[in-house]
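**Student:** Let me give you the structure first, and then I'll get to my questions.
The values are calculated or read from the model by the stated rules, or taken from the named source; none is laboratory data. These figures come from a predicted structure and were not determined experimentally. Because the Cβ atoms are built from the backbone with ideal geometry, glycine has one as well, and the counts that use them run over all protein chains shown. Keep in mind that these areas ignore ligands, DNA and RNA; they rest on the heavy atoms of the full protein, side chains included. Shrake-Rupley method; radii C 1.70, N 1.55, O 1.52, S 1.80 Å.
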Amino acid sequence: MSEEPPETDEPAILHAHSLPGRPEVDWEELGVHSLAVGNLAGRFAARFGAEAAARLAGYLHDIGKASIAFGQYIRGDALSPDHSTAGAIVADALFADGIDRAMARLVSLAIAGHHAGLADGSGMGDRLARDVPKYDAWRSLGLPLPVSIVPRLGRPSGVSAGYRMAFLGRMIFSCLVDADFLATEAFYAAADGRPVGRGDHAPLAVLRDRLDRHFASAFAGRSGPLTAKRAEILAHARAMAAMAPGLFTMTVPTGGGKTLAGLAFALDHAVAHGLDRVIVVAPYSAIIEQTAQVFRTALADEQGDAPDVLEHTGTVDWDAREKESDDDGARDAQAKLRRATENWDVPVVVTTAVQFFESLHANRTSRCRKLHNLARSVIVLDEAQTLPVPLLRPCMAAIAELAAGYGASVVLCTATQPALTQQSGFRKEHGGLDIPPDRELAPDPEALYQLLKRVSVRHAGPVGDADLAAQFGRAERMLCIVNSRKHAQALHALIRDLPGARHLTTLMCAAHRRRVLAGIRADLIAGKPVRLVSTSLIEAGVDVDFPEVWRAETGLDSIAQSAGRANREGKPATAPVVVFEAADHSLPKMFRQQVAAMNDTLRHHPHDPLGLAAIREYFNQLHWVKGVERLDAATLDGHPYPILPTLAESFGPTGPPPAPPYASIAKAFRMIDDAGRPVIVPWRGGDEPDAVGRLVETLRHAPVPPRDVLRQLQHYTVSIPEAAYLAMLKAGAIQPVAADRYGDRFMLVQDIGLYSEATGLSTDPFGMSADAGIF
């Protein structure tokens, strides 16, 4: 360790956080906070061998508060000084060479960004050269700094050294910011005499036992070949839970009970190997409320509650545009606590690929704080091969690194085949995942496909909306899936007077969609008319069973998912699945490559376009025909920004300290170009008509947003494009909730007339059509 700077006179009493209106004796001492954060961050990182580095980050993150300037600020006598840079300076200077030196730079980056977010490493030299208030009194805290911070990561994953270092740095950052948040939360909760409201979850073994009871009830009295096959798939997957953690595949056609079989394996595997949680990741275009509800039902306690299941969507990010400053300070440290509070500290998480993978490439504190909880977890990726092609290789690198370096088990759960493995033709040098056949959790996928085949697929060529409406007129129970919200609204307008006409898009809030789907299922079971127009959100994780499905041209994998909404119970006659070119609507640009590959595959496999051979050809063409560069093709400010080569160049074992471009990668890695801005809608059609009003009023009067309120409010939000958001804001159609505390984080739609029971939120009055959304 190198020599530290000389001591200077500083205040004898050092504080981390104040309590306005209370005597200083009640304030939190800096040494207490630093030790609490360091020890907690170290405990988090111990799960992946970086305990010393994370502990160092926690001990040093706030030593900039050991200054006269900060003492004046916390007492209300001055503006907030920079307190994050001091710890970064000390951490960076502690170690002179080797891996310790490289790790010190990662720790330094984490400390510097623990309020403002991780910055690009290339600018760290300027940050370390800042003129900051003298903070030498930090030595009086007696913090037990480690003598080495070399990590003990798991086996190599095949990624570059630069990628591995950047990934580790983000995980250390996650440990630091979550520990800082939790320690601050605990201090203020204790000061107010209120419980924190975290923890007290059932162990995974208890959840496994509840699931066993659910299965016993679900299978009781049921018979038939499909029920028997589902039971066989379930038993086969659970029998493999004792296998060593790592990568798995689970190839089960839609209707084979894949969702609960995957959960059962995950719980059994986690219990067998002492893993911490189960995280189920739905396709990036999917809605997750049904999957979460299935899990809540299966894992409910004796009172019928399921507090151990967290539903965390990818479309509701309350903090997406929250300005993160260098210092939140301490006079109002609860401002930090007003940010989103999800850190996935629950046994079972249901989320989307958008939330999962964008967080793994994020730089903001609120998005990154949960990442350390991915270590030693079981991650079930549903339909993983549907990830966006331009980001496919970075996503696969993250999967490989989690499994190899962080003790996670990852299950690639698909209805077709695992298109991302070396064994399926995805080359090793391009990041193909090595998953041997003996780690396939389903019994004989080829035989399962033949047994569970229950649809026939044909291409009808160009079809206009008038012809689709006529087909709806002839078919009392039919589903038509289209590629944009604009098309869905236009087609629904043509059939809305037909019996059973329904519409489903993300312009409807989750609670509304859930009620619509419940009505659809009930009517289908009762044999009543159901004519449904939907975007692709219905394709994965939504349990509906139509006798006929029409699908606008898209990728073959999406057509297979659409086919999963037909004849789910395997009736003797096969159900028609009709693919068509939308004659009255242009194909969204993001689907063009998939449609070209799909049409080529259909020409080669006209009789069995969803067979495993056809699926293999489709993915081979999609991934390789136009070059591997397409699989890592993010853009930054309109220019190509391949993520894996960029990270490879950010560190070399014999070169300068690592300089991961965290902020640039976070900006470039976008699974959906315009994910939109969330607004709260006053939908009143649920069991509690004034639920939104009650939740908003609670939010208005809470000093910190209650986690249960935020979790409930995500069911009453709709994400709208930025332009529509700004137009509604200008017109006064949306207003902030408690702007004095939350700014524009929580925006409430003011006019209930803007929300239709049939089609959801309308932005048409503001010159904005539904055209900007595909889901």
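**Student:** Evaluated at 37 °C with a viscosity of 0.692 mPa s, what Stokes-Einstein diffusion coefficient in µm²/s does the chain have when Rh comes from the Kirkwood expression over alpha-carbon pairs?
**Tutor:** 120
**Student:** Same structure again: Need one number: nm distance between label points at ALA190 and ILE13, each 7 Å from Cα along Cα→Cβ, rounded to one decimal.
**Tutor:** Those two pseudo-labels are separated by 1.8 nm.
**Student:** Identify the residues of region 624-648 with backbone N under 18 Å of a label point that sits 7 angstrom from the Cα of LEU587 along the Cα-to-Cβ direction, or state none.
**Tutor:** 624-627
**Student:** Then there's this: Suppose we flag GluC sites (Glu not before Pro) only when DSSP calls them loop and at most 14 other Cβ atoms lie within 10 Å. Which is the longest uninterrupted stretch of the chain?
**Tutor:** Longest site-free region, per DSSP loop and neighbour criteria: 8-301.
**Student:** Where does region 507-601 land on Rg/Rh, using Cα atoms and the Kirkwood Rh?
**Tutor:** Taking Rh as the inverse mean 1/r over Cα pairs, Rg/Rh reads 0.98.
**Student:** Along the positive direction of the dipole of the chain (beta-carbon charges: Lys, Arg +1; Asp, Glu -1; about the Cα centre), which of PRO653, GLY255, ALA398 reaches farthest?
**Tutor:** Selected residue: GLY255.
**Student:** Okay, moving on. For the chain, take the longest principal axis of its alpha carbons; what is the angle in degrees between that and the long axis of helix 691-701, to the nearest 10 within 0 to 90?
**Tutor:** 10
**Student:** Return the tail of the calculated pair distribution for region 97-166, meaning the percent of Cα-Cα pairs more than 19 Å apart.
**Tutor:** 51
**Student:** Translational diffusion coefficient, Stokes-Einstein: compute it for region 603-666 using the Kirkwood radius over C-alpha pairs as Rh, at 4 °C and 1.567 mPa s, and state it as an integer in µm² s⁻¹.
**Tutor:** Taking Rh from Cα pairs, D becomes 87 µm²/s.
**Student:** A further question on this structure: With the other protein chains left in place, how much accessible area per residue, in square angstrom, belongs to region 581-669 at a 1.4 angstrom probe?
**Tutor:** Accessible area per residue: 50 Å².
**Student:** Right, next: By DSSP, what percent of the beta bridges with both residues in the chain are antiparallel, rounded to the nearest 5?
**Tutor:** Around 20 percent of the beta bridges assigned by DSSP in the chain are antiparallel ones.
**Student:** For the chain, calculate the relative contact order in percent as a whole number, restricting contacts to Cα pairs under 8 Å that are 6 or more residues apart.
**Tutor:** The normalised contact order for the chain reaches 15 percent.
**Student:** Quick one: grab Rg to one decimal and Dmax as a whole number for region 691-748, Cα atoms only, in Å.
**Tutor:** 11.7, 31
**Student:** Taking amide H positions as placed in the peptide plane 1.01 Å from N, state which residues far from VAL348 in sequence (5 or more) or on other chains have amide H under 5 Å from it.
**Tutor:** Here the answer is VAL278, LEU310, since their amide H atoms fall under 5 Å of that of VAL348.
**Student:** Let me ask another. Treating cross-link reach as a plain straight distance, find the lysines whose alpha-carbon is under 21 Å from the alpha-carbon of LYS258, omitting any fewer than eight places away in the same chain.
**Tutor:** LYS229, LYS453, LYS571
**Student:** Residue by residue through region 290-307, what is 3J(HN,Hα) from phi via Karplus (6.51 cos²θ - 1.76 cosθ + 1.60, θ = phi - 60°)? Round to whole Hz and write x for glycine and proline.
**Tutor:** Residue by residue, region 290-307 yields 5, 4, 4, 5, 4, 5, 4, 5, 6, 10, 5, 7, 5, 8, x, 9, 9, x Hz.
**Student:** For a quick protection proxy, order the peptides 99-108, 523-532 by their average other-Cβ count within 10 Å, most packed first.
**Tutor:** Per-residue Cβ counts within 10 Å, averaged per peptide and sorted highest first, yield 99-108, 523-532.
**Student:** Can you tell me which of 217-223, 574-580 comes out highest on packing, and rank the rest after it, using the mean Cβ neighbours within 10 Å?
**Tutor:** Going by the mean number of other Cβ atoms within 10 Å, highest first, we get 574-580, 217-223.
**Student:** Let me ask something else about it. What's the Kirkwood radius of region 123-217 in Å, using all Cα pairs?
**Tutor:** For region 123-217, the Kirkwood estimate is 19.2 Å.
**Student:** Leaving out ligands and nucleic acids, note down the accessible area per residue over region 387-455 with a 1.4 angstrom probe, in whole Å².
**Tutor:** With all protein chains present, region 387-455 gives 31 Å² per residue.
**Student:** In percent, how large is the relative contact order of region 562-709, given Cα pairs closer than 8 Å and 6 or more residues apart?
**Tutor:** 9
**Student:** By how many degrees, between 0 and 90 and to the nearest 10, does the Cα long axis of helix 204-219 differ from the longest principal axis of the chain?
**Tutor:** 10
**Student:** At a 1.4 Å probe radius, carbon and sulfur cover how many percent of the accessible area of the chain?
**Tutor:** The value for the chain is 53 percent carbon and sulfur by accessible area.
**Student:** Set Lys and Arg Cβ to +1 and Asp and Glu Cβ to -1, take the dipole of region 400-558 about its Cα centre, and tell me which of GLY519, GLY461, LEU537 lies farthest positive.
**Tutor:** Farthest towards the positive end: GLY519.
**Student:** Still on this structure, I have one more. Along the Cα→Cβ direction, 7 angstrom out, place labels at ALA522 and HIS273. What is the inter-label distance in nm?
**Tutor:** According to this spin-label approximation, the distance is 4.3 nm.
**Student:** Picking from PHE48, LEU748, VAL718, whose Cα lies most toward the positive end of the charge dipole for the chain (charges on Cβ: Lys, Arg +1; Asp, Glu -1)?
**Tutor:** Result: VAL718.
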